[in-house]
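Worksheet for the structure shown next.
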Amino acid sequence: MTSAEIRQSFLDFFAAQGHTIVPSSSLLPDSPGLLFTNAGMNQFVPIFLGDRAPDVSKWAGARPAKDTRAADTQKCIRAGGKHNDLEDVGFDTYHHTMFEMLGNWSFGDYFKKESLEWGWELITKVWGIPAKRLFATVYSPDKSKGDPADFDQEAYDIWAGIFTRAGLDPKVHIVHGNKKDNFWMMGDTGPCGPCSEIHFNLLPSDDEAEGRKLVNSSSPRCIEIWNHVFIQFNANADGTFSPLAAKHVDTGMGFERVAGIHATTNGFKDFSKDPSNYAADVFAPLFKKVAELSGKTYTATVPTKREGLTEQENIDVAFRVLADHARTISCAIADNILPGNEGRNYVIRRILRRGILYGKKLGLQTGFFEQLVAPVVESLGPVFPELVQQQDIIRRVIRSEEESFGKTLDRGLTKFHTSIHRLLVDTAAQTGADKKFEIVIETTPGSSVGTAIDMENRKPQVFLATNPLDTKRCQELFGKVPQFRGKDAFELYDTYGFPLDMTQLLATERGLTVDTAEFEKLMEQQRERARAAQKKEIIVAATEGDAAGDLQPTKFLGYDHLSSSAKLIDVVKTAKDTFLVFDQTPFYAEMGGQAGDTGTALINGQLVHITDTVKDKSGRHLHKVDSSLNAQLSALSPGATAELAVDIQRRRAISRHHSAAHLIHWALRKVLGTHVRQAGTSKTPERMRFDFSHFEAMTPAQIREVEQLVNEKILDNARVETYETEFDKKPEGTLAFFGDKYGKIVRVVDIGGYSRELCGGTHVATAGEIGVVKVVAEMAIAAGTRRIEAVAGQAALDHIAQREAALAAVAAQLSAGPNDVAKKLESLLAHQKETEKQLKAFQQKAAAGLADELASKATERDGLKFVSGVVSAGAPEDLRSIGSQVLAKIGEGVVTLGAVFGDRPSLVAFCSPAAIKAGFQAGKLIGELAGKLGGKGGGKPDFAMGGGKDASKLAEILKA
């Protein structure tokens, strides 16, 4: 069977058992708390929790059967967060950052008997895996460690019957496992249950006793191929477990693992070779392309350590890394997860940059990774059609990232090697080794070689070569093995874009570790600087000594009311400001990029101006007051009544910009693609800023189209509806953002049914209230992140009026109508260009005449001619041109000229070949002359330039 046939046979088998075959869900999970979809069951969680009735036959793209049974192949990424296999990829044959998980599910339908017996039938009867090589694990709690529930007798009995009927001894083939290996929990509370794993003995011999020994031993020669999870309990908050009314089945099988074993064993018949997932033909197109690009051959060697690898081991590691990472990057981008600087987007950028680094190890140049997209589409496109549909954008995103990182990769590698150079020299000085040995480090962009030369007998000892550091010799020389400095790792990250794990990889290859504590300290300092640079002061505590948990959040009335009565409950003072806290308020507190409200508070007959509103950690709205009122406010005490009024015009301007931001987000996704995701916003009365994920600058046509779409929707004047719902019951297509913390109840903002986002901000009632939107700027703020700045409503009208006034002023200057300005300006610029061309010709003629004049005044000594003097020139390049012409006219000799530009003197010097042979060097001449002017300069023997500060001495030094 081919890999594709194995996948299809799995799905067809369960379709025959009444399962609905559903498409893989996106790698971008519905749950904002997950980095990536990392298991087949992710899309079924609402059904397991009882928040959604089983309805899989009605899902888009499904091959319908029963609603209570499902099967699929699910794309999963495990890189970053709790599940992170990134660092192991390439160094063994079974770790991946992206893999497919084959699975079947029962939602309150069949249970253990059907699941295990069907599983056994598929792998032994349909696929032909030898039964003698299979072992099953069942849950057996270790009560001394507090393991929950009881021994899974039901699963044991089912397996005992299966093995007995196969003529095998259940006591040999059933292995007990504790909570760590055989009990699954969704979280500390919620659905859970025992699981039963099927393990495959891949030893050359099918000896049952030897195979049993390797179960759960982390041996690549006996691995788990299928896990059956039986969700039958609910974990309660008090630590007890209650039986569920509806019991579920959740199984998962690693597709690449089974396909790789099938390929390695020649159809489960020959177990002499070491198993490898990468033997599966699903990787073949990628290996073929890498071999074609690099001229290298994959031989499937596997290293036993991370440093000191042979040349072929390095090649084979690189092949596996590139094959894995190309799949991950292509599938992620196809699911609209683009490389970026935060969260899951940064994980994708790290994986791509790691792949680029390994490509460099194979001698591949910038631009190679883009060429790996086609073989990914070839192998996975038939089952994941989004790869075919998005392949152009996948290539464009990768091309942009490659070009960006390619600019700094070589410089970063040079920095890495020079950092090792400095580290070893400093270590020698710190330990006193430099008093006994002369430390010589030779660094090139690709390697560092370190030698310690004994000062007494001059005997050299090499302690650092291109690959590993000789740690034993380092210990002898320095008394320790130095650690790569965290500050150097931080500079590689901050300046050259090297993720920390990439620096760790490079260091490990050389036998070094990285001081991650120092790196994290510097990272935190950078975060602190970023926080300090924010405009707003962050209020971290409401009242000295009060715990946030003891304080009640302020009731917010501002969605429906812009004025209200309230009771003053606290006066909070910081070093600079005073804040009032009320039991309820119509004032919106700054959050989600929306500026806080301003307005007034009438307290005991005293009118107080509120200049800003922010939130503290307990959810209280803190109303900032004018600091000049501190003395009057000190008399206020909790309990006073107040009349609060928001600045209506300001709030409306902010709301217009917030609703405009939602429309711009919708339009960007229409014009650029659904990969566009919000990456930060700011909504103020004056303008809005919208940061979004995208890999290249928008064209003027795209900006116009976005603006046009937004204003068309404004003219349509759709209602803006807001409502609350449970997070898991939000309408399909509602945008939620990773990193945002959502409670069980969320607020949906729906504009006309086409723009729907989770949002806690304030908005207009109808789209028409926005008035008009005008995009004023589009720019890059980071690799893979763009920014649009726009104005709405009165701010947009003001912007248009200013542009019209500027256009009218230019038209008046050009004596042209507004419609003729571009044509008139084009004519004027063409005339200017022609005039400048004529002027340059006159200047060149004058320079030639000046060169003739200077050459005629040359003095001659020892067969060489010398010209020196101060001239008038328009710019330093003109001075250089004159000097060059003079040398050409005198033949063999030396020319030194000076000129003043502004108040700064400049110098040039030229030496002919004969003059250089006679001992004259332009660089040295300029160095001496510039020094006399209080400056510096230098260059090559035949030409040099310099400058100084004291123009008054220029003529004098050129006469000397």
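The values are calculated or read from the model by the stated rules, or taken from the named source; none is laboratory data. Since the model is a prediction, treat every value here as computed from it, not as a measurement. Don't worry about glycine lacking a Cβ; one is built from the backbone with ideal geometry, like all the others, and counts go over all protein chains shown. We work out accessible area using only protein heavy atoms, side chains counted, and drop any ligands, DNA or RNA first. Shrake-Rupley method; radii C 1.70, N 1.55, O 1.52, S 1.80 Å.
For this structure, a couple of remarks:
- 15 Å beta-carbon shell around PHE842, net charge (K/R +1, D/E -1): 0
- Cut-off under 5 Å, modelled amide H: who pairs with VAL764 long-range: SER659
- Estimated distance in nm for a label pair at THR408 and SER218, the labels positioned 7 Å out from Cα along Cα-to-Cβ: 3.5
- Structural descriptor for the chain: relative contact order 6 percent, calculated from alpha carbon pairs under 8 angstrom and at least 6 residues apart.
- Expressed as a whole percent, the accessible surface of segment 651-766 that belongs to carbon and sulfur atoms is 45, based on a 1.4 Å probe.
- Distant-in-sequence amide H partners of GLY596 (H built 1.01 Å from N, under 5 Å): GLU590, THR613
- Nearest-ten-degree value, helix 794-814 long axis tilted from longest Cα axis of the chain: 30
- Residues ASP583 and GLN802, FRET efficiency given R0 of 51 Å [Cβ-Cβ distance, rounded to 0.05]: 0.70
- Degrees between helix 3-15 axis and first principal axis of the chain (Cα, 0 to 90, nearest 10): 40
- Compactness ratio for segment 645-724: Cα radius of gyration over 2.2 N^0.38 Å (N = residue count) comes to 1.19.
- Length available on full extension from ALA782 to THR611: 0.36 nm per residue minus the Cα-Cα distance, which gives 58.3 nm.
- Evaluating 6.51 cos²θ - 1.76 cosθ + 1.60 at θ = phi - 60° for every residue in segment 102-112, the Karplus couplings come out as 7, x, 10, 9, 10, 9, x, 9, 6, 9, 4 Hz, glycine and proline recorded as x.
- Rounded FRET efficiency, nearest 0.05, which uses the C-beta distance separating ARG63 from GLU712 and R0 of 35 Å: 0.35
- Spacing of the two label points (7 Å from each Cα toward its C-beta) at PHE241 and ARG396, in nm: 5.2
- Over segment 312-425, equivalent-ellipsoid semi-axes from the Cα gyration tensor in Å: 28, 16, 12
- For segment 666-815, convex hull volume per residue from C-alpha positions, Å³: 130
- Straightening the chain between ALA812 and SER827 buys 3.8 nm, computed as 0.36 nm per residue apart minus the Cα-Cα spacing.
- Nearest 10 degrees, 0 to 90: helix 343-361 Cα axis against the chain principal axis: 70
- Charge dipole (the chain, unit charges on Cβ, about Cα centre) - positive-most of GLN391, THR503, ALA595: THR503
- Segment 1-129 - Debye-derived log10 I(q)/I(0), Cα point model, q = 0.12, 0.13, 0.22 Å⁻¹: -0.52, -0.61, -1.34
- For segment 870-881, 3J(HN,Hα) per residue [Karplus equation, 6.51 cos²θ - 1.76 cosθ + 1.60, θ = phi - 60°, Hz, x = Gly/Pro]: 9, 10, 9, 9, x, 7, x, 5, 5, 4, 5, 4
- Against the criterion of solvent-accessible heavy-atom surface with a 1.4 angstrom probe, ARG7, ARG473 sort, most first, into ARG473, ARG7.
- Working from the Cα coordinates of segment 758-914, the gyration tensor eigenvalues give, after taking √(5λ), semi-axes of 59, 23, 12 Å in decreasing order.
- Subtracting the Cα-Cα distance of THR418 and SER627 from their residue separation scaled by 0.36 nm leaves 69.9 nm.
- Rg(Cα) / (2.2 N^0.38 Å) computed for the chain, rounded to two decimals: 1.22
- Solvent-accessible area of TRP184, all protein chains in place: 60 Å² (probe radius 1.4 Å, heavy atoms, ligands and nucleic acids excluded).
- For segment 591-744, fraction of C-alpha pairs farther apart than 27 Å, in %: 41
- Here the spin labels are modelled as points 7 Å beyond Cα on the Cα-Cβ line, and at THR513 and SER952 they lie 6.4 nm apart.
- In the context of the full set of protein chains, residues of the chain present 46 Å² of accessible surface per residue (probe radius 1.4 Å, heavy atoms only).
- Once the Cβ-Cβ distance of THR297 and SER205 is raised to the sixth power relative to R0 = 30 Å, the FRET efficiency obtained is 0.45.
- As a fraction of the 1.4 Å probe accessible area of segment 57-131, surface on carbon and sulfur atoms comes out at 48 percent.
- Karplus-derived 3J(HN,Hα) values for segment 217-229, using 6.51 cos²θ - 1.76 cosθ + 1.60 with θ = phi - 60°, are 9, 6, 8, x, 8, 8, 10, 6, 10, 7, 10, 10, 9 Hz; glycine and proline are entered as x.
- Convex hull volume per residue in cubic angstrom - Cα atoms of segment 194-313: 200
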